[in-house]
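First up is the structure itself, then whatever we jot down about it.
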Amino acid sequence: MWRHQLMTTSRCFSTSIRALHWWDHVCPAPKDPITSVTEAFLADTSPVKINLGVGAYRDDEGKPVILQCLRDAEAKIAGCDFLESISSAVSSKLVEESVKLVYGKDSDVIKEGRYAGVQALSGTGACRLFAEFQKRFHPESQIYLPNPTWSNHHNIWRDAQVQQNTFSYYHPDLKGLNFTALMDDVKNAPDGSFFLLHPCAHNPTGVDPTEEQWREISHQFKVKNHFPFFDMAYQGFASGDLDRDALSIRIFLEDGHLLGCAQSFAKNMGLYGHRVGCLSVLCNDMKQAVAIKSQLQKIARAMYSSPPVHGTSLVSTVLSDPDIKALWVKEVKGMANRIQTMRTNLQESLWQLGSSLNWQHITNQVGMFCFSGLTPKQVDWLAREFHIYMTHDGRMSMAGVTTGNVNYLANAINEVTKYGENA
Amino acid sequence: METGIIIVAACLLLSLAMGIMFQSPPLLAALLISFALGSVYSIELPFLRWKKHAFLAASCILIARAMVVQLAFFVHIQKFVLGKPIVICRSLVFATAFMCFFSAVIALFKDIPDVDGDRDFGIQSFSLSLGQEKGKVRLGSGNLTAWFHKEKSNPFINTKSSGRISMAVAVNVSRFEGITMAPPDPILGVSEAFKADNDEKKLNLGVGAYRTEELQPYVLNVVKKAENLMLERGEYKEYLPIEGLAAFNKVTAELLLGADNTVIKQQRLRLIERYFPGAKVLISSPTWGNHKNIFNDARVPWSEYRYYDPKTVGLDFEGMIADLKAAPEGSFILLHGCAHNPTGIDPTPEQWEKIADVIQEKNHIPFFDVAYQGFASGSLDAMQHQVKSQLKRLARPMYSNPPVHGARIVANVVGDPTLFDEWKAEMDMMAGRIKGVRQKLFDSLSAKDKSGKDWSFILKQIGMFSFTGLNKAQSENMTNKWHVYMTKDGRISLAGLNLAKCEYLADAIVDSYHNAKGLNSV
């Protein structure tokens with residue numbers, strides 16, 4: 001007996017020594033540029049600290065918000081006993097309502113059922129599913145990402161082993177859209193390339209094409225037979241109007257593109273942690289839609305089997321109950337309005353402080369983010385001295401600005417830009 | 001099926017009758033040869049069913065369409081209908097040559113749409129060997145479908161020059177044209193088939209999801225309590241950090257659950273692929289159906305080690321040890337911590353010791369998949385900072401951060417002593433129900449089966465599943481005749497069985513085992 005124990009102990013000992021060496025060659029990964037901002041913020045003990053890192057909505061007291069429509073939805077589904085691997089009825093309802101939201105409930109694709117839609121793990125999951133799908137069925141294809149784009153887009157397509165390129169988007173001097181260069185890149189890309197587009201409230205720049213520009217882009221895509229993939233993460237946050245924010249997609253739809261779309265309910269329904277989203281790919285007919293859907297589900301099955309059910313139930317409830325949905329639309333508008341107000345306030349404060357720089361872009365840009373034009377040095381300065389946190393590219397999440405801190409923020413920005421050059 | 005046979009037989013007899021009546025030897029010969037070719041092409045007999053082999057299938061098609069049809073019909077018409085001498089003319093040569101080419105194309109392209117179906121039925125078509133893309137892209141079949149595709153009325157009103165219109169018609173075709181249906185998942189597909197069945201006796205023994213005695217899904221009381229607590233507290237729905245809820249990670253590590261879901265498995269495997277390129281994983285034969293998909297999609301090469309012995313319906317321990325010893329040093333070994341899925345067969349503690357010895361000796365790294373802790377017992381896994389940061393790095397482009405609701409429930413339940421005790425009690429109850437069902441099933445089988453077969457393996461197996469030893473044909477009989485839904489490998493989920501249905505199930509098993517066609521495994 002004690003001999004057995006001795007053997008076990010000695011084996012544990014020698015195994016654990018050997019085991020210590022298994023992952024020795026694994027180096028720490030570089031920190032994620034966005035979430036590391038929040039980590040640094042949390043570690044800061046200053047009472048005046050401001051987090052302008054992650055695009056998560058805050059109210060005017062700087063607190064996270066649970067939308068009333070969600071509380072209503074929770075109450076409605078409480079006591080609902082079914083927790084199993086996603087009831088397909090709930091999942092289908094979610095997909096049905098999601099695609100109506102983005103394509104318009106009267107659109108032909110919806111009426112004819114010409115879409116393959118699956119639930120996804122929020123926007124990231126939807127993009128990753130599509131990237132894997134693209135790799136599997138067009139292994140030689142590339143993806144064109146706007147320059148700049150959400151940093152995780154690069155990670156997603158890289159991990160799916162799809163070759164990536166960028167196309168011109170942001171004009172640093174104008175702090176607006178570099179439309180000529182964008183169209184040139186679209187024309188010069190090989191026919192039939194895959195492009196990732198932000199349909200509204202571009203992340204990180206907040207710079208969106210105008211309606212006319214979207215029409216031109218759509219036309220050129222037709223000529224070049226490019227595949228447009230939209231990442232819709234902020235529907236409702238750009239203008240406050242859900243349909244208006246989907247205008248770019250609907251223009252492409254009119255022109256007959258068979259596009260793909262990733263949707264996230266993290267921001268516009270405040271469901272961040274629940275990971276609820278939808279991926280849809282438009283098809284020629286229902287038969288193809290069924291086939292594509294089955295392939296997407298197959299990819300998902302080997303990744304995470306099935307998506308989390310709670311958030312799905314909430315979204316499905318909100319979107320299918322007319323009263324709760326009306327409340328939601330109102331609340332989204334409220335959130336978008338608050339952000340718009342903060343943009344105006346910040347801009348005015350900067351002007352009042354006598355800043356000589358052009359801050360027009362603060363109100364020109366759209367959505368949660370403002371591409372401030374601050375350099376990495378200035379960003380570090382803001383963090384060190386003023387305890388204001390944002391990503392190194394100068395992207396500020398306006399959702400983190402309140403009437404309480406806007407003056408402090410304006411003052412700090414003015415201080416760090418007084419002497420140096422804006423990028 | 002019968003209708004099909006009747007139609008084929010009628011056509012055959014009619015055509016042969018005509019061939020005889022018209023008194024034309026070449027015509028009759030053509031019909032007989034076509035009949036022969038069709039038979040060797042399709043009939044399921046040894047040395048036949050030539051469609052299974054790409055070259056033989058192509059030969060059949062070529063001979064029938066290009067040669068027999070051209071030459072025999074030419075002779076028939078020329079000599080026996082028109083009464084002219086037989087002369088080899090240019091049109092005959094052209095027709096034959098063209099049809100040779102055409103048949104070759106058909107032979108290559110005909111199987112492109114259903115590569116998956118062919119794979120499932122063991123048909124080795126050219127398309128399967130070459131791959132759909134290679135077979136299609138180069139030769140432009142996509143264009144063919146574009147030209148012949150019926151266009152919807154998509155107004156191309158934005159055109160700046162009308163010359164664009166024809167391009168638009170071709171361009172409107174989906175980039176994902178020609179994608180086939182994925183085969184139904186072997187496990188989830190069972191539940192779908194079950195739902196479609198209207199028979200009142202139906203029984204779902206497919207997915208491993210716990211059911212009550214009333215065969216209803218069961219939400220644990222502790223889970224409801226935890227949810228109510230969370231509702232009262234009105235906890236926010238913010239993003240979790242990439243590694244997840246700290247409280248959740250802590251309690252699960254303490255529970256010795258380690259990484260127990262597919263998502264984290266996938267990350268670990270990508271870690272293997274990234275940091276040990278070329279390393280192989282060994283998985284048990286059989287294992288959970290989705291393991292292979294996970295490894296394939298993570299591009300980690302895998303092979304199997306023997307595990308299940310159909311003769312004893314138990315563990316093939318010698319085979320397992322031999323395979324572990326034969327594997328290259330430093331391989332990853334996927335082990336089921338407890339309640340092996342799908343067999344329910346676990347090694348004894350002494351056998352675990354020996355397994356550990358071999359793993360140590362060969363410098364292998366064991367990887368535990370623990371999905372059923374509580375239905376048996378758990379295992380330990382250690383994490384270092386580097387590994388954790390790399391796992392986060394893999395998670396971020398997959399799903400950014402994990403879902404918060406379930407994590408909170410677990411953290412609340414496991415972290416609160418009262419709720420934890422309640423949870424243990426409920427686990428006991430669930431595991432107890434399954435044990436009770438195993439006993440009743442065993443008793444029913446022993447009573448109903450007069451052949452003297454030893455059904456005690458049902459009692460020896462552990463966890464939610466039982467490997468019945470039924471083969472594919474017998475499992476199909478269970479479904480087709482008895483409306484009992486299970487996976488084709490003979491696995492039944494006892495969680496989906498109640499005491500009331502044990503006798504019915506026993507009848508089904510005894511009937512399928514003794515009477516269903518197919519090789520008996522024991």
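The values are calculated or read from the model by the stated rules, or taken from the named source; none is laboratory data. Computed from a prediction, not measured in an experiment: that's the story for all the values here. Cβ placement follows ideal geometry from the backbone for every residue including glycine, while neighbour counts extend to all protein chains displayed.
Region A:89-182 holds helices (runs of 4 or more DSSP H) entirely within its bounds, and those carrying 2 or more residues that are within 16 Å of A:Ala289 (Cβ to Cβ) map to A:108-111, A:122-137.
When residues in region B:345-362 are screened for being surrounded by fewer than 14 Cβ atoms within 10 Å (Cβ to Cβ) and either touching a Ser or Thr at 6+ places or on another chain (Cβ under 6 Å) or assigned to a loop (DSSP other than H, G, I, E, B) (or both), 1 of them pass. Go through region B:319-337 and give me each residue that's surrounded by fewer than 20 Cβ atoms within 10 Å (Cβ to Cβ) and under 25 Å from B:Phe467 (Cα atoms). The answer is B:Gly319, B:Ile321, B:Ala322.
Can you report the number of residues in region A:187-220 which are under 23 Å from the mean Cα position of the chain (by Cα), among the hydrophobic types (A, V, I, L, M, F, W, C) and more than 22 Å from A:Met390 (Cβ to Cβ)?
Of region A:187-220, the ones under 23 Å from the mean Cα position of the chain (by Cα) are A:193-211, A:213-214, A:217-218.
Among the residues that remain, those that are also among the hydrophobic types (A, V, I, L, M, F, W, C) are: A:194-197, A:200-201, A:207, A:214, A:217.
Filter again for more than 22 Å from A:Met390 (Cβ to Cβ), leaving A:194-197, A:214, A:217.
Number of matching residues: 6.
Among the residues of region B:284-297, those that are within 10 Å of chain A (Cβ to nearest Cβ) and either surrounded by fewer than 22 Cβ atoms within 10 Å (Cβ to Cβ) or within 17 Å of B:Leu188 (Cβ to Cβ) (or both) comprise B:Gly289, B:Asn290, B:His291, B:Lys292, B:Asn293, B:Ile294, B:Asn296, B:Asp297.
Residue-wise test of (1) out of contact with any strand residue (DSSP E or B) (no Cβ under 7 Å at 6 or more places or on another chain); (2) part of a helix (DSSP H, G or I).
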site: B:His405; (1), (2): yes, yes
site: B:Val413; (1), (2): yes, yes
site: B:Leu419; (1), (2): yes, yes
site: B:Trp423; (1), (2): yes, yes
site: B:Met427; (1), (2): yes, yes
site: B:Gly436; (1), (2): yes, yes
site: B:Asp443; (1), (2): yes, yes
site: B:Lys453; (1), (2): yes, no
site: B:Gly463; (1), (2): no, no
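Counting only helices (runs of 4 or more DSSP H) that sit wholly inside region B:1-93, those with at least 3 residues that are in contact (Cβ under 8 Å) with a residue 60 or more places away in the chain are B:54-61.
Could you identify the single residue in A:Asp285, A:Asp255, A:Asp241, A:Asp231 that is charged (D, E, K, R) and without any contact (Cβ under 8 Å) to a residue 60 or more places away in the chain? Please lay out each step first, then the result.
Working: A:Asp285 fails: without any contact (Cβ under 8 Å) to a residue 60 or more places away in the chain; A:Asp241 fails: without any contact (Cβ under 8 Å) to a residue 60 or more places away in the chain; A:Asp231 fails: without any contact (Cβ under 8 Å) to a residue 60 or more places away in the chain.
Going through A:Asp285, A:Asp255, A:Asp241, A:Asp231 in turn, just one is charged (D, E, K, R) and without any contact (Cβ under 8 Å) to a residue 60 or more places away in the chain: A:Asp255.
One residue alone among A:Lys267, A:Lys293, A:Lys287 is surrounded by fewer than 24 Cβ atoms within 10 Å (Cβ to Cβ) and in contact with a Gly (Cβ under 9 Å, 6 or more places away or on another chain), and that residue is A:Lys293.
For region A:256-369, please list each of the helices (runs of 4 or more DSSP H) lying entirely inside it that holds at least 1 residues being polar (S, T, N, Q) and within 30 Å of B:Leu231 (Cα to Cα). Before you say what the answer is, go through the steps one by one.
Details: elements: A:286-304, A:309-320, A:322-352, A:360-364.
By residue number, A:309-320, A:322-352.
If you go through region A:24-48 and keep only what is more than 25 Å from B:Ser400 (Cα to Cα) and either away from every other protein chain (no Cβ under 12 Å) or β-branched (Val, Ile, Thr) (or both), you end up with A:Thr45, A:Ser46, A:Pro47, A:Val48. If the condition is being surrounded by fewer than 14 Cβ atoms within 10 Å (Cβ to Cβ) and over 25 Å from B:Ser59 (Cα atoms), then region B:14-43 contributes B:Leu14, B:Ala17, B:Met18, B:Ile20, B:Met21, B:Phe22, B:Gln23. From the list A:Ser313, A:Ser264, A:Ser239, the one residue that fits, being among the polar types (S, T, N, Q) and over 30 Å from A:Ile77 (Cβ atoms), is A:Ser239. Pairs meeting the criteria (first residue in region B:400-426 and away from chain A (no Cβ under 12 Å), second residue in a helix (DSSP H, G or I) and of a type in the set (Phe, Trp, Tyr), beta carbons under 9 Å, at least 6 apart or on different chains) are B:Val410/B:Phe248; B:Ala411/B:Phe248; B:Val413/B:Phe420; B:Val413/B:Trp423; B:Val414/B:Phe248; B:Val414/B:Phe420; B:Val414/B:Trp423; B:Gly415/B:Phe248.
Residues to consider are B:Lys481, B:Lys517, B:Lys488, B:Lys501; find the one that is more than 17 Å from B:Leu445 (Cβ to Cβ) and at pLDDT 90 or above.
Numbers: B:Lys517 fails: at pLDDT 90 or above; B:Lys488 fails: at pLDDT 90 or above; B:Lys501 fails: more than 17 Å from B:Leu445 (Cβ to Cβ).
The unique qualifying residue is B:Lys481.
Test A:Lys49 against the stated conditions and say whether it is surrounded by fewer than 19 Cβ atoms within 10 Å (Cβ to Cβ), over 21 Å from A:His274 (Cβ atoms) and basic (Lys, Arg). Taking the combined requirement at face value, the residue satisfies it.
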